[in-house]
1. Mind checking which residues of the stretch 14-51 are assigned to a loop (DSSP other than H, G, I, E, B), touching a Ser or Thr at 6+ places or on another chain (Cβ under 9 Å), within 21 Å of Arg191 (Cβ to Cβ) and of a type outside the set (Asp, Glu)?
2. Taking the criterion of being more than 22 Å from the chain's Cα centre (by Cα) and open to solvent by less than 50 Å² (accessible area, probe 1.4 Å), would at least one residue in the stretch 144-159 satisfy it?
3. Restricting to the stretch 83-114, count the residues that are open to solvent by 30 Å² or more (accessible area, probe 1.4 Å) and not in a strand (DSSP E or B).
4. Give all pairs with beta carbons closer than 7 Å in which a residue from the stretch 60-82 that is closer than 11 Å to Leu27 by Cβ and open to solvent by less than 30 Å² (accessible area, probe 1.4 Å) meets a residue that is part of a helix (DSSP H, G or I) and among the basic types (Lys, Arg); count only pairs at least 6 apart in sequence or on separate chains.
5. Does the stretch 115-134 hold any residues that are surrounded by fewer than 17 Cβ atoms within 10 Å (Cβ to Cβ), of a type in the set (A, V, I, L, M) and part of a loop (DSSP other than H, G, I, E, B), and which are they?
6. Can you tell me which residue is nearest to the chain's Cα centre (by Cα) among those in the stretch 202-232 that are outside any helix (DSSP H, G or I) and in contact (Cβ under 8 Å) with a residue 40 or more places away in the chain?
7. Scan the stretch 110-157 residue by residue and report those that are under 30 Å from Ala87 (Cβ atoms) and free of Cβ contacts under 8 Å to residues at least 12 places away in the same chain.
8. Being under 26 Å from Glu73 (Cα atoms) and either surrounded by 14 or more Cβ atoms within 10 Å (Cβ to Cβ) or at pLDDT 95 or above (or both) is the filter here, so list the residues in the stretch 2-26 that pass it.
Amino acid sequence: ALEAAHHPGVVGLFKERRAFVPLDKVLDDQSLLAAIRSAISLPPSPDPWPGLESLLQPAPALLVLDSLEVPWERAERAVEDVLKRLAAIPSVLLLASMRGGQPPVKPSWKLRLEIGALTPLHAQELLLDIAGDIDPRSPLMPTVLDALGGVPLAIELFAAQAAGLGDLGLAWRQWAKKRAGMLSRGAHADRLSSLAVSLNASLDSPRMNDTARRLYAALGRLPDGWEFDATDQLLPGD
């Protein structure tokens, strides 16, 4: 999403009228509006709409709503009403990033992209972009990439640990002992610096009911997954 917002064509169209709105700690529609106002340098207001609409209307504006699922899962209809009203402003383009395959019903999203696991080639490119002193011909490279599963955050955090070592061996031995425990950076872990925190952000979602947690636990013990058509065998009656 950030790369798209910085694409030369996007910059040429929106210029400085591009705002990145982090929503991972926003829990309802009013907080969503407050976060948008803050991102475009508007002060808090009891009635957030007049100033917001008057600032967004005159020229093209891009709002990048990151982690939109957090407020939406907790206040679906109210958040959808906010999104619909924003999308109705002719000059506004909304770009949202979120976990899960179901976007909000409103507004009508013109383009949907689902991001899957990185291919081994792109996973290696990402790892070497951060740990540039690692030999790409290392015999451990395929094993490491397979263990990281094409998950960009896991690859990024592993590469940060391997950077400067000149060899994958030490980092791989750390992985063998700690697994996901080594995939963390900094003293104050958040969803972008810790794989465990990032996973918990999904597991703590209101959509993760008891059945979903049972499914998650079962799939965690099945290395090759489970055939979708055989779901009734895995969770009878659910």
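The values are calculated or read from the model by the stated rules, or taken from the named source; none is laboratory data. Being a predicted model, the structure only gives us computed values, none of them experimental. Every residue, glycine as well, gets a Cβ built from its backbone with ideal geometry; the counts of neighbours run over all protein chains shown. For the accessible areas, the whole protein counts, side chains as well, though only heavy atoms, and no ligand, DNA or RNA atoms are used. Shrake-Rupley method; radii C 1.70, N 1.55, O 1.52, S 1.80 Å.
1. Leu23, Lys25, Val26 - these are the residues of the stretch 14-51 that are assigned to a loop (DSSP other than H, G, I, E, B), touching a Ser or Thr at 6+ places or on another chain (Cβ under 9 Å), within 21 Å of Arg191 (Cβ to Cβ) and of a type outside the set (Asp, Glu).
2. Yes, the stretch 144-159 has at least one match.
3. Selection size over the stretch 83-114: 20.
4. Listed pairs, sorted by first residue: none to list.
5. Ile115, Ala117 - these are the residues of the stretch 115-134 that are surrounded by fewer than 17 Cβ atoms within 10 Å (Cβ to Cβ), of a type in the set (A, V, I, L, M) and part of a loop (DSSP other than H, G, I, E, B).
6. Residue satisfying both the conditions and the ranking: Ser205.
7. Hits for the stretch 110-157 are Lys110, Leu111, Arg112, Leu113, Ile115.
8. Once the filter is applied, which keeps residues that are under 26 Å from Glu73 (Cα atoms) and either surrounded by 14 or more Cβ atoms within 10 Å (Cβ to Cβ) or at pLDDT 95 or above (or both), the stretch 2-26 yields Ala5, Arg18, Ala19, Phe20, Val21, Pro22, Leu23, Asp24, Val26.
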